[in-house]
Amino acid sequence: MNVGNAWPVLRTIIRNSLSFPQIKDLVGACGLPVHRLGHLQQGPGGASKGQLMDAIDLLFGELDTQGQDRVVVSVVSELLRRAPDSRQRVEEVLARVGWGLTGADVHPLTLQIDLETAQLPEAAQEAIRNCIRRYRDGDVSGAMTAVCGLVDGITEQVYRERNLGNHRDASYQERINRAVTALEGAFRDPLRGTDLAAEEIDRLWKNFRQACSQAGYVLGIFRREFSDAHGPAAAPPALIQRALDCAVFIVRGLVGLRQQPRPAPVDELRA
């Protein structure tokens, strides 16, 4: 379904959440011809918010389907920025027409993004936003590039922090393998304080490293065949979800290990 179909209920949230002048500012920021609302002024004997919204409805109705979708996407972003308490209601409205929210970005619910982005580096958050925007706008190969770039950015940071050499000298999968291997200590350290035998810790580490490598292999093939890194590509939309699933697993692992505090030496704990 088109996200523009959310407008009839979304307008009610706007009316209840913003003041008269704030509503005008919002629709102007979203590309509607706000100058055509200039005759509507608030005050004694002036227009009500209901009359203002009715006039905005007329402007919205003059747009084609693509234009309505574009305006609703912009309205959601601006509304969440100006009235963050409206988020839950906005999510409910969007879900009715098959759309969801990640941050302030609207995306089809066919694209499930199970990733808490607030704790990620800003570059990673921007990569996810790019993926959502490109997927939403029908640029599937561009969305694939953004997904693969998300993981590439994280591995590049590990390369730099651990002095692993030139990030670009390795293949895509090799970058992931080397980055994960460089964080082996961060994976093992918390497990050494448990009742797990050393052999079991070894098996856990090897399986985790292998899982990251296999996810990296999938992403590497998708990047080569279906991203726009080497020119336009006809990427099936369903592959974006699979790519995101692989990317989320790798990103969660690498970011978590990079942030893992190293435990104090045993002698310090006994002191």
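The values are calculated or read from the model by the stated rules, or taken from the named source; none is laboratory data. Remember, it's a predicted structure, so these values are computed and weren't measured experimentally. Cβ atoms come from the backbone with ideal geometry, glycine included; neighbour counts cover every protein chain shown.
Just a few scattered comments:
- Pairs where the first residue, in the range 180-197, is among the aromatic types (Phe, Trp, Tyr) and the second is at pLDDT 90 or above and not in a loop (DSSP other than H, G, I, E, B), C-beta under 7 Å, 6+ apart: 187/205; 187/208
- For the range 34-58, a residue qualifies if it is modelled with pLDDT of 90 or more and either not in a helix (DSSP H, G or I) or not assigned by TED's automatic domain parsing to the domain that holds residue 77 (or both), but none of them does.
- Residue within the range 165-184 that is in the same structural domain as residue 225 (by TED's automatic domain parsing) and closer than 30 Å to residue 70 by Cα present: no
- Within the option set 219, 239, being in contact (Cβ under 8 Å) with a residue 40 or more places away in the chain, closer than 22 Å to residue 130 by Cβ, in contact with a Cys (Cβ under 6 Å, 6 or more places away or on another chain) and surrounded by 14 or more Cβ atoms within 10 Å (Cβ to Cβ) holds for one residue only, 219.
- Pick from the range 9-22, criterion in contact with a Lys or Arg (Cβ under 7 Å, 6 or more places away or on another chain) and part of a helix (DSSP H, G or I), ranking: nearest to residue 85 (Cα to Cα): 13
- The numbered conditions (1) free of Cβ contacts under 8 Å to residues at least 12 places away in the same chain; (2) of a type in the set (Ser, Thr, Tyr); (3) closer than 12 Å to residue 4 by Cα are all true for residue 74 except (1).
Results for (1) surrounded by fewer than 18 Cβ atoms within 10 Å (Cβ to Cβ); (2) among the polar types (S, T, N, Q), shown as yes or no for each residue.
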site	(1), (2)
5	no, yes
26	no, no
56	no, no
63	yes, no
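- If the condition is being in a loop (DSSP other than H, G, I, E, B) and more than 18 Å from residue 254 (Cβ to Cβ), then the range 170-229 contributes 193, 194, 195, 196, 197, 227, 228.
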